[in-house]
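Read-outs: derived from the displayed coordinates by stated rules, not from any lab. This is a predicted model, so every value here is computed, not measured. Heads up, the Cβs are rebuilt from the backbone with ideal geometry, glycines too, and the neighbour counts pull from every protein chain shown.
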Amino acid sequence: MLTSIHIKDFAIIDQLDLDLKSGMTVITGETGAGKSIMVDALSYALGERADSGVVRNGAKRAEISAYFDIQQLPHVKDWLEEQMLDDDDHCILRRVINHDGRSKAFVNGQPVNLAQVSELGDFLVDIHGQHEHQSLFKSQVHLQLLDRYAGLTEQSAELAKVASKISSISGKLKAFQTALKDKNDRKDLISFQLQELEQAPIDKAADIELEHKRAANASRLLEKGQQSLSALSEDEDNLSSNLGRIVHQISDMLAVDEGLKNTHDLLQSALVEIDEASHELRDYLESLDIDPQAYHELDQQIAALHDLARKHQVSMEELPQTLQALQQELEELEGDEQTFDDLEKELNKLEKHYQELAKTLSSKRQAAAKKLNQEVVKLMQQLGLGNGVFEVAFNQQDASSFKSTGLETAEFMVSTNPGQKPMPLRKVASGGELSRISLALQVINAQTTQLPTLIFDEVDVGIGGGTAEIVGKLLAELGKKAQILCVTHQAQVAAQGHHHLQVSKSQDKKATQTQLLEISETQRIEEIARMIGGIEITDTIRQHAKELLKTA
């Protein structure tokens, strides 16, 4: 259960530290005092999205911490352990909201995301708001409420997951069917392109390009090479002979002056290298072959490679990668038939599983609906709708449509007047009737929940007198098996609480602040008297307040 809450710089709360107890705790206060602020703050601690507007004016950030005792909640302990957030028998949820709207969430001191907080919060607290009856105008909510009442939330969620998978695979199969129509044409095109690439010497493109360039310039190479060879060693006044004479002269000088040894060695080395270069150049010129036929073949090969590169919009160097990509695509296309068969088998399996789940869920919904009808009618009578009739009407859906909600939708039907045929709730219920029916559904759902803490935020709007007293008794009865926090403006409800918190607001020239304190028995009489009598509280009203507390 929720043992305490710490709030700082939130809305008009400067700082609030509040310890909470088991049973039913009522929260009251004058209009505008901020009775629901604690509930709002707790909602943010439980993962609701926030903006900068919740930060108290002038503060940098708002902080909310909620402390829970989870000794009797093994499923919560298991969840925390799975998430590596466990801390013995305690669970602390902390939320920090900055003035720029950014926020951080923590569980037992460790940072978490809002999805994790929200999932954890669903195990700890259930909040029923004062505007919850408005959701009853939406028929899609009715099936959710029925499943929640029947304890079928997990089963319906599993069915929705299976339906989602069926939809996804069906979409893939349709896409495959469309693609397979063009598959053969695409395979033929790729096969032709692969044949072209495999027959072309794409791996030797660089060598061919170099050979083509040399063949195209063979005459020029031969002419320039011969001129160079003549200058090196074949002309009468060639470089090799001249350098040989110089080396000979330096040798004579070296006999006189050994200081020329390095010069002599360098020239001797140059002479050797010139001779080697001459031999290599002569060999190169002898290898040059001006063959018009060979050049023509090289020219055709280069042209074919350029054509392939243009066709595939790549460079010649990228043609091998293009070949690999086309081979891979062809393999994938040839594997499509197997993929299609596998998807069909998986779809058939899922559809069979869906039908089994949906039939079981449908049967349980039908049984739960009969029980819910009886319980709602019973509470409607207690809440002043003695002639009320309530029914859950099912509308069957096409089983082959595999809807996420199952084989049916549900709609709440009511009649509040004798002899009137039950009609959709949204069409016949007045505002007051709707709030009572909503309250009946909330109380019934709360009775079946396994959550340790239930919060009712002004759900008694639109009722009064004896009906309000009945509501208070119902909530007090719930308080025997769960922790109940009830924000109320009804004295008859407040009198039923096991504990009483009073909200007060103070103002000065600089700021407005809200405080929330547990009040004594004497203070409680005055508060309930205020709720009954308004501005002027007489002894008679106080006596009435005492009687309400005495009979609670």
Where does helix 183-199 land angle-wise versus the long Cα axis of the chain, in degrees 0 to 90, nearest 10? 30
With 10 angstrom as the radius, rank Tyr354, Tyr284, Tyr67 by how many other C-beta atoms surround their C-beta, starting from the fewest. Tyr284, Tyr67, Tyr354
One can check that the equivalent ellipsoid of the chain, built from the alpha-carbon gyration tensor with semi-axes equal to the square roots of five times its eigenvalues, has lengths in Å, largest first, of 91, 38, 18
Which one, Leu372, Ile12, Ile525, is farthest towards the positive end of the dipole of the chain when Lys and Arg carry +1 and Asp and Glu -1 on their Cβ? Ile525
3J(HN,Hα) from dihedral phi, segment 109-124, Karplus parametrisation 6.51/-1.76/1.60, rounded to Hz, x for glycine, proline: x, 9, x, 9, 8, 5, 4, 5, 4, 4, 5, 5, x, 5, 8, 10
Taking H as built 1.01 Å from N, whose amide H comes closer than 5 Å to the amide H of Phe456, not counting residues under 5 places away? His128, Leu485, Cys486, Val487
What length, rounded to one decimal in nm, is gained on full extension from Lys224 through to Val314, with 0.36 nm per residue of separation minus their alpha-carbon distance? 28.8 nm
What ranking do 121-127, 193-199, 475-481, 495-501 get when scored by the average of other Cβ atoms within 10 Å per residue, highest first? 495-501, 121-127, 475-481, 193-199
